[in-house]
1. Considering the options LEU353, ALA121, GLY48, tell which one lies farthest towards the positive end of the dipole of the chain, charges being +1 on Lys and Arg and -1 on Asp and Glu at the Cβ, about the Cα centre.
2. For the range 86-96, just list the computed ³J(HN,Hα) in residue order, Karplus coefficients 6.51, -1.76 and 1.60, θ = phi - 60°, integers in Hz, with x standing in for Gly and Pro.
3. Can you work out ³J(HN,Hα) from phi for every residue in the range 238-244, in order, using Karplus 6.51 cos²θ - 1.76 cosθ + 1.60 and θ = phi - 60°, giving whole Hz and x for Gly and Pro?
4. Once you have the Cα-Cα distance between ALA120 and CYS436, take 0.36 nm times their residue separation minus that, and quote the gain in nm to one decimal.
5. Note down the Stokes-Einstein diffusion coefficient of the range 389-465 in µm²/s, whole number, using a Kirkwood radius over alpha carbon pairs, 20 °C, and 1.002 mPa s.
6. Going from most exposed to least, what order do SER170, SER269, SER34 have by accessible area with a 1.4 Å probe?
7. Go through 316-322, 448-454, 423-429 and give me the packing order, highest mean Cβ count within 10 Å leading.
8. Rounded to the nearest Å, what's the spacing between the alpha carbon centres of the range 24-97 and the range 201-252? Just the number, please.
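The values are calculated or read from the model by the stated rules, or taken from the named source; none is laboratory data. Predicted, not measured: the structure shown is a model, and the values here were computed from it. For neighbour counting, all protein chains shown are included, and Cβ atoms are generated from backbone atoms with ideal geometry for every residue, glycine included. Quick note on the areas: whole protein, heavy atoms, side chains included, nothing else; ligands and nucleic acids left out. Shrake-Rupley method; radii C 1.70, N 1.55, O 1.52, S 1.80 Å.
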Amino acid sequence: MSGSDFYIAGGTLRPDAASYVERSADRELLKQLSRGEFCYVLTARQMGKSSLMVRTARALQSQGVAAAVLDLTAIGQNVTPEQWYDGLQIRLGSQLGIEDMLEDYWQENLRLGPCQRWFAALENCVLPALSARRKSGSSNLRLVVFIDELDVVKSLPFATEEFFAALRESHFRAAQNGGSQMTFCLLGVAAPHELMRDPKRTPFNVGCRIELADFTPAEAQVLAHGLDHANLPHPLRPGKVLERVLYWTSGHPYLTQRLFRAVLEAQPSVFTGEEHLVDELCHDLFLSPRAGDADDNLVFVRERLLRAQADLVSILDLYDRLLRHRTVPDDPEDSAVSELLLAGVARVNGNWLVPRNRIYETVFDVRWVAARKPVAELEMADGRRLRVKETCSLGRVESNDIVLPDVKVSRRHALIRKEGADQLWLVDLGSRNGTCLNGEVVMRPMLLRDQDRIEIGRYQLVVHQPGAVRQPSADLSNTANTVIYRAGESTSEFRPRPH
(Lines give C-alpha, C1' and ligand atoms only; values in the text may rest on other atoms or scores of the structure.)
Protein backbone atom coordinates (compact mmCIF):
# COMPACT_ATOMS: atom_id res chain seq x y z
CA MET A 1 0.00 0.00 0.00
CA SER A 2 1.40 3.43 -0.92
CA GLY A 3 0.98 6.51 1.24
CA SER A 4 -1.33 8.11 -1.31
CA ASP A 5 -3.78 5.19 -0.94
CA PHE A 6 -4.55 5.92 2.67
CA TYR A 7 -2.85 8.93 4.27
CA ILE A 8 -3.56 12.33 2.73
CA ALA A 9 -1.51 15.26 4.00
CA GLY A 10 -2.56 18.64 2.65
CA GLY A 11 -5.61 19.49 0.60
CA THR A 12 -9.24 18.57 1.14
CA LEU A 13 -10.04 14.95 1.96
CA ARG A 14 -12.88 13.24 0.15
CA PRO A 15 -15.93 12.68 2.37
CA ASP A 16 -15.31 8.92 2.14
CA ALA A 17 -11.51 9.09 2.67
CA ALA A 18 -10.38 6.13 4.79
CA SER A 19 -7.98 8.30 6.79
CA TYR A 20 -10.59 10.93 7.69
CA VAL A 21 -10.53 11.42 11.46
CA GLU A 22 -13.91 12.26 12.89
CA ARG A 23 -13.83 14.71 15.80
CA SER A 24 -16.42 16.21 18.11
CA ALA A 25 -16.51 19.22 15.75
CA ASP A 26 -18.02 16.98 13.03
CA ARG A 27 -20.96 16.08 15.20
CA GLU A 28 -21.42 19.57 16.62
CA LEU A 29 -21.34 21.35 13.23
CA LEU A 30 -23.82 18.94 11.67
CA LYS A 31 -26.16 19.26 14.66
CA GLN A 32 -26.12 23.07 14.70
CA LEU A 33 -26.54 23.49 10.93
CA SER A 34 -29.36 20.92 10.90
CA ARG A 35 -31.10 23.14 13.46
CA GLY A 36 -30.62 26.19 11.24
CA GLU A 37 -27.93 27.81 13.41
CA PHE A 38 -25.41 30.23 11.93
CA CYS A 39 -21.93 28.67 12.44
CA TYR A 40 -18.31 29.57 11.92
CA VAL A 41 -15.07 27.59 11.99
CA LEU A 42 -12.19 30.05 12.30
CA THR A 43 -8.83 28.53 13.12
CA ALA A 44 -5.28 28.00 11.85
CA ARG A 45 -4.52 26.62 8.39
CA GLN A 46 -4.39 22.88 7.65
CA MET A 47 -6.60 21.96 10.57
CA GLY A 48 -9.10 20.15 8.33
CA LYS A 49 -11.66 22.94 7.90
CA SER A 50 -12.37 22.29 4.23
CA SER A 51 -12.52 18.52 4.75
CA LEU A 52 -14.98 19.06 7.59
CA MET A 53 -17.04 21.34 5.33
CA VAL A 54 -17.22 18.86 2.44
CA ARG A 55 -18.16 15.99 4.75
CA THR A 56 -20.83 18.05 6.53
CA ALA A 57 -22.28 19.29 3.24
CA ARG A 58 -22.68 15.69 2.06
CA ALA A 59 -24.33 14.70 5.35
CA LEU A 60 -26.79 17.60 5.04
CA GLN A 61 -27.60 16.66 1.45
CA SER A 62 -28.35 13.12 2.59
CA GLN A 63 -30.96 14.68 4.91
CA GLY A 64 -32.53 16.49 1.95
CA VAL A 65 -30.99 19.87 2.80
CA ALA A 66 -29.64 21.91 -0.12
CA ALA A 67 -25.97 22.76 0.52
CA ALA A 68 -23.71 25.03 -1.52
CA VAL A 69 -19.96 25.63 -1.07
CA LEU A 70 -18.52 29.02 -2.05
CA ASP A 71 -14.71 29.01 -2.10
CA LEU A 72 -13.68 32.67 -2.09
CA THR A 73 -10.25 31.93 -3.59
CA ALA A 74 -12.00 30.86 -6.80
CA ILE A 75 -13.56 34.30 -7.27
CA GLY A 76 -10.28 36.19 -7.21
CA GLN A 77 -9.02 39.31 -5.46
CA ASN A 78 -8.40 41.90 -8.19
CA VAL A 79 -12.13 42.49 -8.68
CA THR A 80 -14.74 45.19 -8.18
CA PRO A 81 -17.62 44.72 -5.72
CA GLU A 82 -19.92 44.09 -8.71
CA GLN A 83 -17.63 41.34 -10.04
CA TRP A 84 -17.14 39.77 -6.62
CA TYR A 85 -20.85 39.44 -5.78
CA ASP A 86 -21.59 38.37 -9.35
CA GLY A 87 -18.98 35.63 -8.89
CA LEU A 88 -20.77 34.48 -5.73
CA GLN A 89 -24.13 34.25 -7.48
CA ILE A 90 -22.67 32.42 -10.50
CA ARG A 91 -21.11 29.73 -8.30
CA LEU A 92 -24.22 29.45 -6.15
CA GLY A 93 -26.50 29.11 -9.17
CA SER A 94 -24.25 26.50 -10.74
CA GLN A 95 -24.30 24.28 -7.65
CA LEU A 96 -28.06 24.57 -7.14
CA GLY A 97 -28.88 24.16 -10.84
CA ILE A 98 -30.59 27.55 -11.20
CA GLU A 99 -27.93 29.52 -13.12
CA ASP A 100 -30.31 31.03 -15.66
CA MET A 101 -32.89 31.98 -13.06
CA LEU A 102 -30.30 33.71 -10.87
CA GLU A 103 -28.68 35.47 -13.83
CA ASP A 104 -32.07 36.86 -14.94
CA TYR A 105 -32.74 38.13 -11.41
CA TRP A 106 -29.28 39.70 -11.27
CA GLN A 107 -29.78 41.62 -14.52
CA GLU A 108 -33.32 42.69 -13.66
CA ASN A 109 -32.24 44.29 -10.36
CA LEU A 110 -29.22 46.37 -11.34
CA ARG A 111 -30.70 49.32 -9.46
CA LEU A 112 -29.69 47.56 -6.23
CA GLY A 113 -26.13 47.63 -4.94
CA PRO A 114 -24.23 44.34 -5.42
CA CYS A 115 -24.39 43.32 -1.75
CA GLN A 116 -28.12 44.07 -1.42
CA ARG A 117 -28.76 42.36 -4.77
CA TRP A 118 -26.97 39.17 -3.72
CA PHE A 119 -28.89 38.77 -0.47
CA ALA A 120 -32.15 39.72 -2.20
CA ALA A 121 -31.47 37.00 -4.77
CA LEU A 122 -31.17 34.46 -1.96
CA GLU A 123 -34.51 35.49 -0.48
CA ASN A 124 -36.48 36.15 -3.66
CA CYS A 125 -35.00 33.69 -6.13
CA VAL A 126 -33.10 30.82 -4.49
CA LEU A 127 -35.52 29.99 -1.66
CA PRO A 128 -38.62 30.09 -3.92
CA ALA A 129 -36.84 27.74 -6.34
CA LEU A 130 -36.11 25.32 -3.49
CA SER A 131 -39.73 25.63 -2.33
CA ALA A 132 -40.91 24.60 -5.80
CA ARG A 133 -38.64 21.56 -5.67
CA ARG A 134 -39.98 20.58 -2.27
CA LYS A 135 -43.53 20.60 -3.61
CA SER A 136 -42.40 18.22 -6.32
CA GLY A 137 -40.88 15.99 -3.66
CA SER A 138 -37.27 16.39 -4.83
CA SER A 139 -35.79 18.52 -2.08
CA ASN A 140 -36.12 20.10 1.34
CA LEU A 141 -36.74 23.84 1.51
CA ARG A 142 -33.72 24.33 3.77
CA LEU A 143 -30.48 25.83 2.41
CA VAL A 144 -27.01 25.95 3.99
CA VAL A 145 -24.37 28.12 2.31
CA PHE A 146 -20.74 27.36 3.24
CA ILE A 147 -18.31 30.24 2.66
CA ASP A 148 -14.77 28.87 2.66
CA GLU A 149 -11.35 30.61 2.73
CA LEU A 150 -12.96 33.58 4.45
CA ASP A 151 -9.63 35.33 5.10
CA VAL A 152 -9.42 36.17 1.38
CA VAL A 153 -11.71 39.15 2.04
CA LYS A 154 -8.84 40.90 3.83
CA SER A 155 -7.00 41.14 0.51
CA LEU A 156 -9.89 42.53 -1.53
CA PRO A 157 -9.49 46.10 -2.87
CA PHE A 158 -12.78 47.17 -1.25
CA ALA A 159 -14.27 47.01 2.23
CA THR A 160 -16.43 43.97 2.97
CA GLU A 161 -18.01 45.16 6.23
CA GLU A 162 -21.39 45.45 4.50
CA PHE A 163 -21.21 41.76 3.53
CA PHE A 164 -20.79 40.65 7.14
CA ALA A 165 -23.32 43.24 8.33
CA ALA A 166 -25.82 41.74 5.89
CA LEU A 167 -25.02 38.22 7.11
CA ARG A 168 -25.65 39.35 10.67
CA GLU A 169 -28.87 41.13 9.74
CA SER A 170 -30.09 37.99 7.97
CA HIS A 171 -29.36 35.94 11.09
CA PHE A 172 -31.14 38.38 13.42
CA ARG A 173 -34.16 38.64 11.12
CA ALA A 174 -34.45 34.85 10.99
CA ALA A 175 -34.27 34.65 14.80
CA GLN A 176 -37.05 37.23 15.14
CA ASN A 177 -39.22 35.30 12.69
CA GLY A 178 -38.78 32.04 14.57
CA GLY A 179 -36.21 30.50 12.26
CA SER A 180 -35.22 30.60 8.63
CA GLN A 181 -34.97 28.19 5.75
CA MET A 182 -31.45 29.48 5.08
CA THR A 183 -28.29 29.65 7.16
CA PHE A 184 -24.56 30.12 6.68
CA CYS A 185 -21.29 28.54 7.80
CA LEU A 186 -18.09 30.62 7.59
CA LEU A 187 -14.67 28.94 7.47
CA GLY A 188 -11.20 30.47 7.35
CA VAL A 189 -8.08 31.73 9.10
CA ALA A 190 -9.46 34.78 10.86
CA ALA A 191 -10.75 36.02 14.19
CA PRO A 192 -14.36 37.25 14.48
CA HIS A 193 -13.20 40.78 15.36
CA GLU A 194 -11.26 40.95 12.07
CA LEU A 195 -14.39 40.59 9.96
CA MET A 196 -15.72 44.07 10.73
CA ARG A 197 -12.90 46.56 11.36
CA ASP A 198 -14.93 49.73 10.90
CA PRO A 199 -15.22 51.25 14.42
CA LYS A 200 -18.58 52.72 13.44
CA ARG A 201 -20.04 49.24 13.02
CA THR A 202 -20.89 46.73 15.74
CA PRO A 203 -18.35 43.85 15.78
CA PHE A 204 -19.35 40.58 14.13
CA ASN A 205 -20.60 38.69 17.17
CA VAL A 206 -23.25 36.25 16.00
CA GLY A 207 -23.49 32.53 15.49
CA CYS A 208 -22.12 29.37 17.02
CA ARG A 209 -18.35 28.95 17.06
CA ILE A 210 -17.20 25.41 16.27
CA GLU A 211 -13.86 24.58 17.86
CA LEU A 212 -11.73 22.37 15.61
CA ALA A 213 -9.26 20.76 17.98
CA ASP A 214 -6.26 18.51 17.34
CA PHE A 215 -6.80 14.74 17.17
CA THR A 216 -7.07 12.99 20.50
CA PRO A 217 -5.29 9.60 20.85
CA ALA A 218 -8.65 7.85 20.65
CA GLU A 219 -9.69 9.74 17.51
CA ALA A 220 -6.33 9.14 15.84
CA GLN A 221 -6.63 5.36 16.17
CA VAL A 222 -8.05 5.29 12.63
CA LEU A 223 -4.63 6.44 11.38
CA ALA A 224 -2.88 3.62 13.21
CA HIS A 225 -5.21 1.14 11.50
CA GLY A 226 -3.77 2.25 8.16
CA LEU A 227 -0.58 0.36 9.09
CA ASP A 228 -2.35 -2.88 10.02
CA HIS A 229 -2.27 -4.50 6.59
CA ALA A 230 0.48 -2.51 4.95
CA ASN A 231 3.08 -4.49 3.00
CA LEU A 232 6.15 -3.22 4.84
CA PRO A 233 9.76 -4.49 4.72
CA HIS A 234 9.86 -4.40 8.52
CA PRO A 235 7.32 -5.24 11.25
CA LEU A 236 5.60 -2.30 12.91
CA ARG A 237 3.46 -2.02 15.99
CA PRO A 238 0.80 0.54 14.99
CA GLY A 239 0.10 1.53 18.58
CA LYS A 240 3.77 2.37 19.19
CA VAL A 241 3.93 4.38 15.98
CA LEU A 242 0.82 6.35 16.96
CA GLU A 243 2.24 7.05 20.41
CA ARG A 244 5.49 8.44 19.01
CA VAL A 245 3.84 10.43 16.23
CA LEU A 246 1.57 12.12 18.76
CA TYR A 247 4.61 12.80 20.95
CA TRP A 248 5.80 15.16 18.19
CA THR A 249 2.53 16.43 16.68
CA SER A 250 0.10 16.42 19.64
CA GLY A 251 -2.53 15.46 17.09
CA HIS A 252 -2.10 18.37 14.66
CA PRO A 253 -4.07 17.09 11.63
CA TYR A 254 -1.60 17.89 8.84
CA LEU A 255 1.58 17.06 10.78
CA THR A 256 0.07 13.78 11.99
CA GLN A 257 -1.12 12.63 8.55
CA ARG A 258 2.21 13.65 6.98
CA LEU A 259 4.29 11.76 9.52
CA PHE A 260 2.14 8.63 9.24
CA ARG A 261 2.48 8.67 5.47
CA ALA A 262 6.26 8.98 5.81
CA VAL A 263 6.28 5.95 8.13
CA LEU A 264 4.31 3.95 5.57
CA GLU A 265 6.68 4.95 2.75
CA ALA A 266 9.92 4.56 4.74
CA GLN A 267 12.54 2.10 3.53
CA PRO A 268 15.16 2.13 6.32
CA SER A 269 18.23 0.00 5.69
CA VAL A 270 18.21 -1.03 9.36
CA PHE A 271 15.05 -0.98 11.47
CA THR A 272 15.82 -0.08 15.09
CA GLY A 273 12.29 0.37 16.41
CA GLU A 274 9.24 2.54 15.96
CA GLU A 275 10.45 5.40 18.16
CA HIS A 276 13.77 5.78 16.35
CA LEU A 277 12.08 5.53 12.94
CA VAL A 278 9.49 8.23 13.73
CA ASP A 279 12.17 10.51 15.22
CA GLU A 280 14.35 10.25 12.13
CA LEU A 281 11.45 10.90 9.78
CA CYS A 282 10.26 13.83 11.88
CA HIS A 283 13.73 15.37 11.73
CA ASP A 284 13.95 14.97 7.97
CA LEU A 285 10.46 16.32 7.31
CA PHE A 286 10.21 19.17 9.79
CA LEU A 287 13.35 19.80 11.87
CA SER A 288 16.18 19.76 9.33
CA PRO A 289 17.62 23.06 8.04
CA ARG A 290 15.92 22.69 4.65
CA ALA A 291 12.52 21.75 6.10
CA GLY A 292 11.60 25.33 6.99
CA ASP A 293 11.37 26.24 3.30
CA ALA A 294 10.31 22.84 1.96
CA ASP A 295 7.21 22.20 4.06
CA ASP A 296 4.17 24.34 3.21
CA ASN A 297 2.80 24.22 6.74
CA LEU A 298 6.02 25.48 8.32
CA VAL A 299 6.19 28.23 5.69
CA PHE A 300 2.64 29.28 6.51
CA VAL A 301 3.30 29.39 10.26
CA ARG A 302 6.45 31.46 9.75
CA GLU A 303 4.81 33.91 7.35
CA ARG A 304 1.69 34.24 9.50
CA LEU A 305 3.79 35.15 12.52
CA LEU A 306 6.12 37.58 10.74
CA ARG A 307 3.56 39.24 8.46
CA ALA A 308 0.77 39.64 10.98
CA GLN A 309 -1.16 42.89 10.79
CA ALA A 310 -1.00 43.24 14.55
CA ASP A 311 2.05 44.58 16.41
CA LEU A 312 4.89 42.14 15.63
CA VAL A 313 6.84 43.17 18.73
CA SER A 314 3.89 42.27 20.97
CA ILE A 315 3.24 39.00 19.12
CA LEU A 316 6.82 37.75 19.39
CA ASP A 317 7.13 39.01 22.98
CA LEU A 318 4.06 37.00 23.93
CA TYR A 319 5.28 33.94 22.04
CA ASP A 320 8.68 34.20 23.73
CA ARG A 321 6.96 34.27 27.11
CA LEU A 322 4.89 31.23 26.12
CA LEU A 323 8.02 29.26 25.16
CA ARG A 324 9.91 30.20 28.31
CA HIS A 325 7.13 29.94 30.88
CA ARG A 326 4.96 27.30 29.12
CA THR A 327 1.66 29.11 29.77
CA VAL A 328 0.23 32.61 29.36
CA PRO A 329 -3.33 33.78 30.08
CA ASP A 330 -5.84 33.41 27.26
CA ASP A 331 -7.27 36.85 26.50
CA PRO A 332 -9.75 36.84 23.57
CA GLU A 333 -9.49 40.65 23.36
CA ASP A 334 -5.70 40.57 22.87
CA SER A 335 -4.80 40.67 19.16
CA ALA A 336 -1.42 39.06 19.89
CA VAL A 337 -3.20 36.06 21.45
CA SER A 338 -5.40 35.75 18.35
CA GLU A 339 -2.36 35.83 16.08
CA LEU A 340 -0.59 33.03 17.97
CA LEU A 341 -3.73 30.90 17.74
CA LEU A 342 -4.29 31.62 14.04
CA ALA A 343 -0.63 31.00 13.23
CA GLY A 344 -1.07 27.66 14.98
CA VAL A 345 1.85 27.80 17.43
CA ALA A 346 -0.43 27.93 20.47
CA ARG A 347 -3.65 26.31 21.64
CA VAL A 348 -6.07 27.02 24.46
CA ASN A 349 -6.07 24.76 27.50
CA GLY A 350 -8.65 25.96 29.99
CA ASN A 351 -7.94 29.65 30.56
CA TRP A 352 -4.36 29.44 29.34
CA LEU A 353 -2.39 29.37 26.12
CA VAL A 354 0.09 26.51 25.85
CA PRO A 355 2.63 25.59 23.13
CA ARG A 356 0.93 23.67 20.30
CA ASN A 357 3.34 20.78 19.75
CA ARG A 358 7.00 19.77 19.93
CA ILE A 359 7.57 20.29 16.20
CA TYR A 360 6.61 23.97 16.34
CA GLU A 361 8.43 24.44 19.64
CA THR A 362 11.62 23.06 18.06
CA VAL A 363 11.42 24.92 14.75
CA PHE A 364 10.14 28.23 16.11
CA ASP A 365 12.12 28.29 19.35
CA VAL A 366 13.42 31.17 21.48
CA ARG A 367 16.49 31.58 19.24
CA TRP A 368 14.24 31.89 16.20
CA VAL A 369 12.19 34.54 17.99
CA ALA A 370 15.27 36.50 19.10
CA ALA A 371 16.67 36.55 15.56
CA ARG A 372 13.45 38.00 14.12
CA LYS A 373 12.01 40.21 16.82
CA PRO A 374 12.40 43.91 16.00
CA VAL A 375 13.27 46.31 18.78
CA ALA A 376 10.28 48.42 17.77
CA GLU A 377 7.93 49.25 14.92
CA LEU A 378 6.91 52.57 13.39
CA GLU A 379 3.26 52.71 12.31
CA MET A 380 2.40 54.83 9.28
CA ALA A 381 -0.88 56.74 8.97
CA ASP A 382 -2.24 54.04 6.62
CA GLY A 383 -1.55 51.29 9.17
CA ARG A 384 1.64 49.92 7.60
CA ARG A 385 4.37 49.04 10.07
CA LEU A 386 8.08 49.63 9.53
CA ARG A 387 10.34 47.45 11.66
CA VAL A 388 13.32 48.79 13.58
CA LYS A 389 15.88 46.12 14.52
CA GLU A 390 19.06 48.20 14.72
CA THR A 391 20.18 51.78 14.08
CA CYS A 392 18.37 53.07 10.99
CA SER A 393 18.25 56.24 8.93
CA LEU A 394 15.14 58.04 7.68
CA GLY A 395 15.12 60.25 4.61
CA ARG A 396 13.93 60.94 1.09
CA VAL A 397 16.44 58.91 -0.94
CA GLU A 398 16.39 55.14 -1.48
CA SER A 399 19.67 54.53 0.36
CA ASN A 400 17.93 55.18 3.70
CA ASP A 401 16.69 52.29 5.81
CA ILE A 402 13.26 53.94 5.98
CA VAL A 403 12.38 55.92 2.85
CA LEU A 404 9.93 58.83 3.16
CA PRO A 405 9.47 60.18 -0.39
CA ASP A 406 8.36 63.79 0.04
CA VAL A 407 9.91 67.13 -0.97
CA LYS A 408 9.74 68.36 2.64
CA VAL A 409 11.92 65.44 3.77
CA SER A 410 15.69 65.91 3.49
CA ARG A 411 17.87 63.37 1.72
CA ARG A 412 19.26 62.26 5.11
CA HIS A 413 16.68 63.59 7.53
CA ALA A 414 16.85 61.76 10.87
CA LEU A 415 18.39 58.81 12.62
CA ILE A 416 16.99 56.27 15.07
CA ARG A 417 19.96 54.99 17.03
CA LYS A 418 19.85 51.77 19.05
CA GLU A 419 21.67 51.88 22.38
CA GLY A 420 21.96 48.83 24.61
CA ALA A 421 19.34 46.12 24.31
CA ASP A 422 16.25 48.19 23.55
CA GLN A 423 16.85 51.94 23.88
CA LEU A 424 16.08 53.89 20.72
CA TRP A 425 17.16 57.53 20.38
CA LEU A 426 15.83 59.95 17.77
CA VAL A 427 18.32 62.39 16.23
CA ASP A 428 17.71 65.09 13.63
CA LEU A 429 20.56 65.12 11.08
CA GLY A 430 20.45 68.84 10.39
CA SER A 431 17.38 68.55 8.19
CA ARG A 432 15.98 71.56 6.36
CA ASN A 433 12.44 71.35 7.83
CA GLY A 434 13.23 69.73 11.16
CA THR A 435 11.97 66.69 13.06
CA CYS A 436 9.33 66.74 15.80
CA LEU A 437 8.66 64.29 18.61
CA ASN A 438 5.24 64.60 20.20
CA GLY A 439 5.00 68.15 18.86
CA GLU A 440 8.42 69.20 20.19
CA VAL A 441 11.19 70.10 17.78
CA VAL A 442 14.11 67.69 18.14
CA MET A 443 17.15 69.79 19.07
CA ARG A 444 19.12 67.03 20.82
CA PRO A 445 18.97 63.21 20.94
CA MET A 446 15.63 62.16 22.47
CA LEU A 447 14.73 58.77 23.90
CA LEU A 448 11.79 57.13 22.13
CA ARG A 449 9.02 55.49 24.13
CA ASP A 450 6.00 53.38 23.23
CA GLN A 451 3.26 55.42 21.50
CA ASP A 452 5.54 58.41 20.82
CA ARG A 453 4.70 60.32 17.63
CA ILE A 454 7.47 61.26 15.20
CA GLU A 455 6.69 63.97 12.63
CA ILE A 456 8.86 64.30 9.51
CA GLY A 457 7.45 66.39 6.68
CA ARG A 458 3.91 65.12 6.00
CA TYR A 459 4.62 61.81 7.73
CA GLN A 460 3.49 60.89 11.22
CA LEU A 461 5.06 57.73 12.60
CA VAL A 462 3.76 56.16 15.82
CA VAL A 463 6.35 54.22 17.84
CA HIS A 464 5.35 50.75 19.03
CA GLN A 465 7.75 49.39 21.64
CA PRO A 466 5.68 47.78 24.39
CA GLY A 467 7.45 46.30 27.37
CA ALA A 468 10.80 48.01 26.79
CA VAL A 469 12.79 48.29 30.00
CA ARG A 470 13.69 51.91 30.81
CA GLN A 471 16.39 53.18 33.10
CA PRO A 472 15.53 55.95 35.57
CA SER A 473 15.97 59.43 34.11
CA ALA A 474 18.82 60.18 36.51
CA ASP A 475 20.83 57.27 35.10
CA LEU A 476 20.09 58.28 31.53
CA SER A 477 21.26 61.83 32.08
CA ASN A 478 24.72 60.51 32.93
CA THR A 479 25.14 58.78 29.58
CA ALA A 480 28.62 59.77 28.47
CA ASN A 481 29.29 57.70 25.39
CA THR A 482 29.55 59.54 22.08
CA VAL A 483 27.84 58.00 19.06
CA ILE A 484 28.99 58.94 15.57
CA TYR A 485 26.88 58.45 12.43
CA ARG A 486 28.36 59.03 8.98
CA ALA A 487 25.98 59.74 6.10
CA GLY A 488 27.97 60.14 2.87
CA GLU A 489 30.60 62.81 3.55
CA SER A 490 28.84 64.32 6.55
CA THR A 491 29.39 63.26 10.15
CA SER A 492 26.90 63.70 12.99
CA GLU A 493 28.10 63.48 16.59
CA PHE A 494 25.83 63.46 19.62
CA ARG A 495 25.56 62.43 23.24
CA PRO A 496 22.20 60.84 24.19
CA ARG A 497 20.07 62.74 26.69
CA PRO A 498 16.58 61.90 27.97
CA HIS A 499 13.49 63.86 26.91
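1. About the Cα centre, the residue reaching furthest to the positive side is LEU353.
2. Ordered by residue, 3J(HN,Hα) equals 5, x, 4, 5, 5, 5, 5, x, 4, 6, 8 Hz.
3. Result, rounded to whole Hz: x, x, 5, 5, 4, 4, 6.
4. Numbers: separation 316, 0.36 × 316 = 113.76 nm, distance 5.27 nm.
Working it through step by step, the gained length comes to 108.5 nm.
5. Values: Rh = 12.3 Å.
Reported coefficient: 174 µm²/s.
6. On the way: SER170 15, SER269 120, SER34 45 Å².
Solvent-accessible surface, decreasing: SER269, SER34, SER170.
7. Details: 316-322: 20.0, 448-454: 17.0, 423-429: 22.1.
Ranked from most to least packed, the peptides come out as 423-429, 316-322, 448-454.
8. Spelled out, the Cα-based centre of one part sits 24 Å from the other.
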